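Everything below concerns the one structure shown next.
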Amino acid sequence: MIAKKLFLYFILLIFMACGSSDDPSDSSGDTGNSNGGNSGGNNSGGNDDSKDETNFYFSESGNDSNSGSQKNPWKSLSKLSNSELSPGDSIFFNRGDSFFGELVVNGSGTESEPIVFTSYGSGDKPIISGKVGSSGGGDYQQAIYILNHDNMVFENLEIQNNRQAPRTNVDNTDSFGIQIHNNSDEILNNFVFKNMTFRNVYAIAQVDPSDQQAFNQFEVAGIRIFTEWNKAPINNVLVEDNYFTDLQRFGVHAKHAIGNNANDNRHTNFVFRGNEFKQIGGTCILPSRVRNCLIENNIFDEPGAKTNSRMIGRGSAVWNWYSVNTIIQNNQALKIRGILDSHGIHVDHRNVNTFIQYNYMEDCEGGFVEILGGNETSVYRFNISVNDGWRSNPNWTNSNHTIWLSDNIGGQDGYNSDNSYIYNNTVVINRTSNPYRTAIDIQAINTRIFNNIFYSINGSKMGNKQVNITDNNLSMSNNLFFGQVDTRFKDYDEQAVFQNPNFYDESLDGAKGYQLLAGSPAINAGISFSGKYAHPPIPVGDSDIFSEIEAIPSVGFFGRSLAVNSTPNIGANNAKNGEITSLYNLENPLIRDLFNNQEIQFENVDNEFNYRLFDITGKEKKSGIINSSNSKIQLENGVYSIIIENNHKKISQKFIYRKSNL
């Protein structure tokens with residue numbers, strides 16, 4: 001199955017196939033838009049003095065009275081804002097330059113001929129910033145504004161908007177990098193963001209994250225996708241291979257303001273794939289009223305950060321609100337912080353069909369499972385949670401949870417979430433210092449908790465803070481409990497296992513060590529996936545964005561088949577004989593292990609190879625030679641591309657590397 005293959009890539013921490021000869025440092029788009037811009041005008045980067053009809057060039061050294069060709073570029077964002085764009089147009093910004101002001105996009109592309117905003121030249125990505133200071137009339141609400149236009153591609157640009165100077169008619173609590181805004185009755189279609197950087201987006205004002213009303217209204221974001229009340233939605237958005245960092249609250253916020261008409265009033269078909277979010281003040285991705293959303297293969301590193309006083313400092317990596325069909329899979333959620341929420345991934349209010357699967361979560365301050373009021377079919381399956389839920393909030397005794405299902409919406413109880421599934425997860429608390437206690441609170445109906453490993457050692461106590469379960473139809477069976485897991489929780493299990501699961505090697509960083517050794521009591525000890533414990537299916541037929549996803553999972557976290565026999569293992573790993581999934585990459589026989597003392601290791605290096613290592617922004621971080629005596633490269637957490645080559649072979653791959661700093 002294609003979905004199985006994609007999942008295997010995640011296990012190897014590789015999510016782009018090898019064999020490409022593309023150089024990540026050479027992605028400027030110098031030759032223009034392949035969708036017809038250059039071919040139509042016969043201009044391959046244009047050093048001639050005549051402006052191509054579809055290519056527009058911008059440079060700090062340009063002049064708005066120029067022709068707009070590459071040789072004689074324009075200079076200002078206002079020049080572009082006042083120029084009408086047409087399908088197939090390409091706009092190029094010179095690398096290494098910065099452009100200040102507000103770009104108001106004037107025109108739409110088509111599905112086959114989108115308008116492309118990209119870069120040319122060499123050096124760092126060009127910066128577009130809404131910051132102009134008091135002398136420019138105050139900083140703009142956003143760097144790029146798209147109102148009622150569509151069919152666009154943004155690539156190879158850096159977007160900033162650090163607002164400090166007030167501007168007339170712009171709220172001091174607002175700041176966006178790019179805003180797509182629909183206040184029309186026509187659906188806006190087809191937006192792509194690829195290889196972009198979003199950095200340093202701040203409003204003038206700050207809010208207290210404990211003030212719920214102010215917090216909810218504070219919507220600063222790198223990308224904002226917004227439809228007004230009773231207006232048409234935005235459809236088909238792809239956010240792929242981008243880098244988000246140093247943002248006051250959101251990475252991406254998609255929001256529909258609802259309506260009282262007969263329409264669904266939800267955006268549709270959003271995909272977030274292969275992005276890195278590093279030190280975001282709040283949440284990385286929030287789909288609010290979105291139907292059909294796929295969030296996969298991302299790394300969420302320190303959401304809820306407070307690296308400066310202006311950051312809001314609260315937020316789960318991902319949460320959804322009033323959304324339908326949200327699939328969140330194969331991501332890493334690391335070091336989440338905040339006085340409220342701040343779980344790895346949580347389900348907020350009134351969502352339908354939320355599937356959280358095959359994710360690795362570690363050091364998330366709030367906890368592992370969070371399902372708030374009014375949800376239908378929320379699923380946590382085949383995830384690994386390590387040392388989550390250690391928050392200590394003096395104003396909320398049970399602020400940190402291993403499992404939390406709430407029936408509260410807006411301060412009112414009674415909104416039970418129905419048909420929640422928590423199964424085949426591996427939940428571990430094993431840090432060697434600062435032991436802590438968690439809470440387990442369930443106010444819901446028809447909750448199923450089965451085939452999970454709950455493992456708490458070294459003085460930490462799972463559920464010891466509080467166990468409060470109100471669900472008259474709770475189904476709980478075949479969970480394995482080891483260490484200090486509260487009896488008030490364990491007693492609900494109809495067929496519990498009380499033994500050490502015998503993990504492969506807990507001293508290893510990341511997920512690899514939580515595989516099962518041969519003879520583990522978790523092997524073949526789960527309850528079969530039938531009857532009330534049958535897999536809830538993903539409605540893959542509802543959208544083409546789910547075309548490569550399995551409706552029913554066929555593998556566990558480590559890619560081991562669930563069809564070996566009718567009896568699954570307990571936990572996220574379904575290996576039957578102690579097989580250990582190596583991080584050795586079958587498609588690149590050189591890369592062996594990405595989890596070993598902050599380094600990549602190579603093996604079978606019989607010859608000498610040159611390598612170049614790039615971060616997600618395309619900057620070259622390291623280069624050198626590997627051979628049999630020098631087969632390691634040191635690195636830090638992040639998303640990387642590496643090129644390995646000699647006279648006989650060239651391999652290019654993209655991968656996620658992570659190492660805990662616990």
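The values are calculated or read from the model by the stated rules, or taken from the named source; none is laboratory data. Here the structure is a predicted model, which is why all the values come from computation and not from measurement. Virtual Cβ from ideal backbone geometry, glycine too; neighbours counted across all protein chains shown. Areas reflect the complete protein model, heavy atoms only, side chains present, ligands, DNA and RNA absent. Shrake-Rupley method; radii C 1.70, N 1.55, O 1.52, S 1.80 Å.
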Report summary line: From the option list D208, D174, single residue qualifying as charged (D, E, K, R) and open to solvent by 50 Å² or more (accessible area, probe 1.4 Å) is D208
Query raised in the report: Can you tell me which residues in segment 296-324 are under 22 Å from Q206 (Cα atoms), touching a helix residue (DSSP H, G or I) at 6+ places or on another chain (Cβ under 8 Å) and part of a loop (DSSP other than H, G, I, E, B)?
Result: I312
Query - Selection within segment 505-533 - modelled with pLDDT of 95 or more, out of contact with any strand residue (DSSP E or B) (no Cβ under 9 Å at 6 or more places or on another chain) and on the phi < 0 side of the Ramachandran plot - result: A518, S528, S530
**Report entry** Of all residues in segment 632-662 being assigned to a loop (DSSP other than H, G, I, E, B) and at pLDDT 70 or above, the one that is least open to solvent (accessible area, probe 1.4 Å)
**Finding:** L635
Query raised in the report: Taking segment 91-122 as the region of interest, how many residues are touching a residue at least 60 places away in the same chain (Cβ under 8 Å) and within 20 Å of N63 (Cβ to Cβ)?
Result: 6
Query raised in the report: In this structure, does K619 turn out to be under 29 Å from E362 (Cβ atoms), modelled with pLDDT under 80 and more than 28 Å from the chain's Cα centre (by Cα)?
Result: no
Report summary line: Subset of segment 82-102, residues in contact with a Leu (Cβ under 8 Å, 6 or more places away or on another chain) and more than 15 Å from E155 (Cα to Cα), comes to F99, F100, G101, E102
Requested in this report: Quick one: which residue in A534, A563 is open to solvent by 70 Å² or more (accessible area, probe 1.4 Å) and more than 28 Å from I644 (Cβ to Cβ)?
Outcome: A563
Query raised in the report: Cβ-Cβ below 6 Å, separation at least six or inter-chain, first residue in segment 394-405 and open to solvent by less than 10 Å² (accessible area, probe 1.4 Å), second among the charged types (D, E, K, R): which pairs?
Result: S399/R391; N400/R391
Requested in this report: For S477, indicate whether it is under 28 Å from E506 (Cβ atoms), modelled with pLDDT of 95 or more and surrounded by 24 or more Cβ atoms within 10 Å (Cβ to Cβ).
Outcome: no
Report task. Output the residue which, of all residues in segment 236-256 that are more than 16 Å from the chain's Cα centre (by Cα) and open to solvent by 30 Å² or more (accessible area, probe 1.4 Å), is farthest from F272 (Cα to Cα). Result -> K255
Report task. Take segment 150-171 and flag every residue that is in contact with a strand residue (DSSP E or B) (Cβ under 7 Å, 6 or more places away or on another chain) and either assigned to a loop (DSSP other than H, G, I, E, B) or buried (at least 21 other Cβ atoms within 10 Å of the Cβ) (or both). Result -> D150, N151, M152, F154, N156, L157, E158, I159, Q160, N161, R163
Query raised in the report: In segment 567-610, which residue that is part of a strand (DSSP E or B) and at pLDDT below 85 is surrounded by the fewest Cβ atoms within 10 Å (Cβ to Cβ)?
Result: E599
